[in-house]
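Report on the structure given below.
Rule-based calculations on the coordinates, nothing more; no lab input. A quick note: this is a predicted structure, and the numbers were derived from the prediction, not measured. Counting neighbours? That spans all protein chains shown, and the Cβs are built from the backbone with ideal geometry, glycine included.
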Amino acid sequence: MSLTSSVTGFNPKELLKRFTAPLLITLILLASHLSFGILDSLGHLMTAILASFLTEAILHRFLFGSWRDLSSAYISGISAGILIRSPLYWPFALCAMLSISSKYVFRYNGRHIWNPTNFGVVMILLFASDYAAVLSIQWGSQMWAMLVIWIVGLVTVYRASRFHISAVYVLSFFFFGWIRSWITGDPYLAEISAITGPMYQLFVLFMITDPKTTVRSRNGRMWVAFMIALVEFALRLSEAVYAPFYALFLVGPVAMVLEDLWTTRNRPRSESTHSL
Amino acid sequence: MKKTAGWKKIVLFLFFAGLIATPALLREVEERQMGERGMDRETALQRHGVWLQEVSRDVGIDFVHHRPTLDPLLEHIHEQVASVGASVSITDYNRDGFPDIYLTNSRFGASNALYRNRGDGTFEDVADSSGLARLNEEGVGVSMGAVWGDYTGNGYEDLFLYRWGRPELFRNLGNGEFERATREAGLPEWINANTAVWMDVNRDGYLDLFIGGYFHEEINFWNLESTRIMPDSYEYATNGGRNYLFLNNGDGTFEDVTESWGLLETRRWTLASTSADLNDDGYVDLMLANDYGVDELYLNDRGERFRRAGEESGLGFVPKSGMSADLGDPFNRGELSIYVTNISEPGVLMQGNNLWVPSGTRDGLFPVYRNLASSLGIERGEWGYGGAFGDLNNDGFQDLYVANGYVSAEPGTDYWYDYAKVVGGNRQIIGDARNWPAMNGRTFSGYQQNKIWINTGSGSFREVSTAIGGALSLDSRSIAYADLFGNGGLDLVVANQNGAVQVYRTTARPDHEWIRVQLEGRPPNTSAIGASVTFFWNGMAQQQVVTAGRAFSSQSERTIHFGLGTDPELDRLEIRWPDGKQTILRDLKPNRSITIEQPEN
């Protein structure tokens with residue numbers, strides 16, 4: 001399951017599938033906020049969600065003449081609300097709007113190639129870093145809370161047949177952490193500390209598993225997860241605080257395009273959705 | 001699927017480009033609004049009503065703070081652990097009518113300083129002869145701060161010194177000398193404290209003492225038994241130092257009532273404290289700024305115990321890095337707001353400072369606060385420490401000075417990446433100093449300029465530090481105000497970590513009038529600590545309180561200073577004494593200092 005999946009259809013199974021991700025992310029948010037108060041304010045979260053809804057509704061209507069199911073926009077909005085940290089309101093709205101807009105602006109062969117939230121977050125880091133940061137050190141450090149989130153998240157990605165992506169990434173992260181420790185001389189625990197925190201939980205469980213922005217083959221997805229960890233490794237050696245977001249930003253679209261080129265060369269594509 | 005029309009694509013891309021450009025456009029607007037860099041004295045006085053001049057050497061103050069050395073096990077992160085200890089507290093210790101300055105040092109063998117104000121614009125360090133100099137020694141620890149208060153009731157301000165080590169109490173003998181009174185007082189043997197405040201919590205007239213613990217009290221930084229000394233969470237830490245509340249028995253001894261007064265319910269990392277009667281029930285309350293967690297507000301329950309009210313009041317829910325707590329009345333509404341500094345580092349951590357403005361009560365019990373720092377423009381600090389209100393330009397609206405900067409080391413280097421990769425992790429990892437990457441001389445939120453936010457009087461503040469001659473980029477910690485030179489301006493002392501103290505002589509616009517109020521309390525609380533003074537003029541009311549401990553590790557002079565602006569129409573002065581009695585004064589004249597004694601009845 002992913003932060004940005006949306007499904008069309010109205011049978012109960014489809015409905016359940018459609019709302020699993022919004023429900024899960026809402027539950028995690030509620031549990032975290034009630035336990036730890038992870039949100040600076042509900043106002044910031046609502047700003048992100050509202051901006052996400054409006055952008056999705058208006059852009060889809062403007063470009064395609066129809067209204068769109070907003071469950072995907074809800075997830076992007078709530079993700080921006082969790083991930084962006086700023087005392088100001090507008091960075092939340094801007095992140096949500098950039099996330100949604102990227103789905104319409106950057107498309108290749110009829111599908112968007114960036115995970116919307118990842119795109120929005122990276123744009124905020126690149127262009128508005130003096131106004132906002134990204135969740136990295138909040139959310140407590142209680143072992144039970146971490147285990148609950150990991151277990152619920154991993155069960156969810158397992159049911160969505162995405163467990164292999166998270167597993168490959170996590171194993172790769174631990175491996176590259178060991179190499180980094182060897183290179184930098186810092187303790188191994190320091191190198192892997194981040195993955196026990198909330199930012200990585202969201203990243204590993206929800207962002208890199210997004211069906212809309214991952215390649216189609218199982219092996220391909222595992223290679224992509226490994227490549228994300230590899231690029232992150234390089235970025236971390238360059239002391240990029242938010243290396244995983246940048247790594248996914250760089251690797252994800254390249255993988256999607258390469259897969260499409262490969263597929264196009266070997267057999268004609270049959271499916272297509274909205275295109276610009 | 002149909003193709004999208006070309007013009008729609010153009011609109012879409014323009015929209016997207018607009019989104020991308022938004023931060024740059026906002027930045028441009030902000031810079032134009034800021035606009036003003038350095039300007040000359042006359043222009044600054046005309047435009048902002050104030051000019052600052054750094055005069056420390058000229059007036060005989062050459063104090064340099066040295067950070068502590070620590071156990072070799074912490075060598076790799078020494079600078080970030082040994083990052084506090086520069087403090088300033090101001091009082092008139094010898095009752096000659098001139099405010100004196102006490103500064104703490106933090107390295108074994110380095111002396112603290114007591115600068116006696118000669119009254120002619122110069123100072124001399126008399127700490128040695130007073131017995132307040134050589135207080136940083138192996139076996140007792142190093143100074144972190146000090147607060148003055150007449151706990152004996154003899155009319156002279158005594159000194160409580162808190163350390164990473166053994167806290168000390170010094171009785172003011174009234175002849176310029178102090179004698180240790182620690183042992184008979186019954187204070188703890190060892191604490192790692194960074195804040196303390198004198199206050200009369202039970203209204204018996206004797207000053208009681210709150211001490212806030214930062215690192216756990218079992219840690220001896222020069223003989224570590226374990227490296228598990230770091231916070232177990234960056235935002236929800238539960239392993240901070242113990243807080244203490246000591247009731248003054250009136251005979252030189254104190255009773256530890258921390259538990260029965262409800263202050264042992266949490267183990268947060270308290271870094272700052274201040275007190276005042278915030279819910280107008282006649283008893284002083286306690287505000288704590290906690291690093292690595294939520295701040296706490298304790299309401300005094302009729303002098304019998306404290307009750308936690310942070311969450312109910314709205315200010316104790318979102319965890320940040322509380323570094324300082326100060327009280328002010330920035331809107332001239334006759335009520336106290338609370339300013340708490342936190343940490344902001346562009347692109348990494350954006351907590352923002354908080355201005356908690358009262359907005360009513362809940363259940364008739366709890367004062368309710370709203371954070372208006374953003375709308376007033378005083379939210380975006382940096383790595384904040386002391387943040388304190390004071391009307392620098394005497395225009396009648398309290399301004400705000402905020403100290404910034406953590407560790408200024410090798411220029412061009414940065415420890416944030418290493419810090420960020422660790423602090424997001426589980427408690428088992430971050431709680432152990434061994435797991436922290438070595439700093440290797442790198443800068444960590446260093447070389448940050450302090451903020452001087454001038455209150456425009458119309459619901460906003462304007463940052464003017466460079467424009468008015470107050471630009472300072474040392475690792476500032478503690479700040480205190482006093483009219484050091486007797487010219488009706490609030491002068492400023494800034495204590496800097498591992499650096500020289502800075503003393504700013506303040507010149508306010510001459511047509512801005514002022515009045516200063518010195519309260520003489522009835523013994524034993526001759527300091528009148530806890531008294532509230534509200535001045536009414538021009539249809540406005542500004543409340544200030546006499547505190548003994550405010551902001552970060554600091555204490556400003558006890559005299560209350562009101563700027564009044566131009567041609568003020570003075571109405572009255574209302575004083576609420578610590579015992580709850582009230583004094584109202586009318587027919588006041590501006591530009592003078594008045595002394596008011598607490599009436600017998």
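Quick look at the values:
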| read-out | value |
| --- | --- |
| Cα gyration tensor of region B:183-276 - equivalent ellipsoid semi-axes, whole Å, descending | 26, 16, 10 |
| Mean ellipticity per residue at 222 nm, deg cm²/dmol - from DSSP H runs of n ≥ 4 across chain B, formula -39500 (n - 2.57) | -3000 deg cm²/dmol |
| Order by protection proxy (mean Cβ within 10 Å, highest first), peptides B:554-567, B:287-300 | B:287-300, B:554-567 |
| Most positive-pole-ward Cα, B:Ala471, B:Pro411, B:Ile515, against dipole of region B:389-545 from beta carbon charges | B:Pro411 |
| Rounded to the nearest 20 debye, dipole of region B:234-323 from Cβ charges on Lys, Arg, Asp, Glu | 320 |
| FRET E, pair A:Val257, A:Leu126, Förster distance 22 Å, beta-carbon r, rounded to 0.05 | 0.60 |
| Peptide B:343-349 - average C-beta neighbours from other chains (10 Å radius) | 6 |
| 23 Å Cα-Cα threshold exceeded, pairs from B:Lys320/B:Lys421; B:Lys451/B:Lys589; A:Lys212/B:Lys421; A:Lys103/B:Lys8 | B:Lys451/B:Lys589; A:Lys212/B:Lys421 |
| Debye, to nearest 20: dipole size of region B:513-568, +1 on Lys, Arg Cβ, -1 on Asp, Glu Cβ | 240 |
| B:Arg308 paired with B:Ser473, simple spin-label distance in nm, labels 7 Å along Cα-to-beta-carbon | 4.2 |
| Positive-end extreme of charge dipole, chain B - chosen from B:Leu564, B:Ala373, B:Gly241 (charges on Cβ) | B:Ala373 |
| Integer Hz, Karplus 6.51/-1.76/1.60 couplings in order for region B:46-60, x for Gly and Pro | 5, 7, 10, x, 7, 9, 10, 10, 6, 10, 3, 5, 4, 9, x |
| Per-selection Rg to Rh, region B:65-152 - Cα, Kirkwood hydrodynamic radius | 1.05 |
| Averaged over A:84-90, number of beta-carbon atoms from partner chains that fall within 10 Å | 5 |
| Volume in Å³ per residue [convex hull over Cα atoms, computed for chain B] | 178 |
| Region B:455-482 residues near the modelled B:Glu42 label - backbone nitrogen below 20 Å, point 7 Å along Cα→Cβ | B:467-470 |
| Inter-chain Cβ neighbour average for residues A:94-104, partner chain, 10 Å | 3 |
| Cβ-placed point charges (K, R +1; D, E -1), dipole of the protein assembly as shown about Cα centre in debye, nearest 20 | 5680 |
| Highest average packing first - B:427-439, A:189-201, Cβ atoms within 10 Å | A:189-201, B:427-439 |
| Three principal axis lengths of region B:348-501 [C-alpha, angstrom, descending] | 50, 47, 22 |
| Leading residue at positive end of dipole, the protein assembly as shown (Cβ point charges), from B:Gly85, A:Val215, B:Leu288 | A:Val215 |
| Ranking of B:Asp92, A:Asp210, B:Asp256 by count of other Cβ atoms within 10 Å, fewest first | B:Asp256, B:Asp92, A:Asp210 |
| Principal axes of the protein assembly as shown: Cα extent on each, largest first, Å | 98, 60, 51 |
| Part-to-part distance (alpha-carbon centres) for region A:91-105 and region B:513-578, which is given in Å | 51 |
| Estimated D of region B:189-241 in µm² per second, where Rh is the Kirkwood radius over Cα pairs and Stokes-Einstein applies at 25 °C, 0.890 mPa s | 189 |
| Sequence of B:Trp577, B:Trp356 once ranked by neighbouring C-beta atoms within 10 Å, starting from the fewest | B:Trp577, B:Trp356 |
| Under the Karplus curve 6.51 cos²θ - 1.76 cosθ + 1.60, θ = phi - 60°, whole-Hz ³J(HN,Hα) for region B:462-476, x wherever Gly or Pro sits | 10, 7, 9, 3, 5, 5, 9, x, x, 5, 8, 10, 8, 7, 6 |
| Footprinting exposure proxy for B:Val402, B:Val81 (fewest neighbouring C-beta atoms within 10 Å first) | B:Val81, B:Val402 |
| Chain B, relative contact order [Cα under 8 Å, separation at least 6], % | 16 |
| Rg/Rg_globular for region B:223-327, with Rg_globular taken as 2.2 N^0.38 Å and Rg from C-alpha atoms | 1.14 |
| Length released on extending from A:Arg111 to A:Asn219, taking residue separation times 0.36 nm less the Cα-Cα span | 36.8 nm |
| Overall dimensions of region A:33-97 as given by Cα atoms, namely Rg and Dmax in Å | 12.6, 43 |
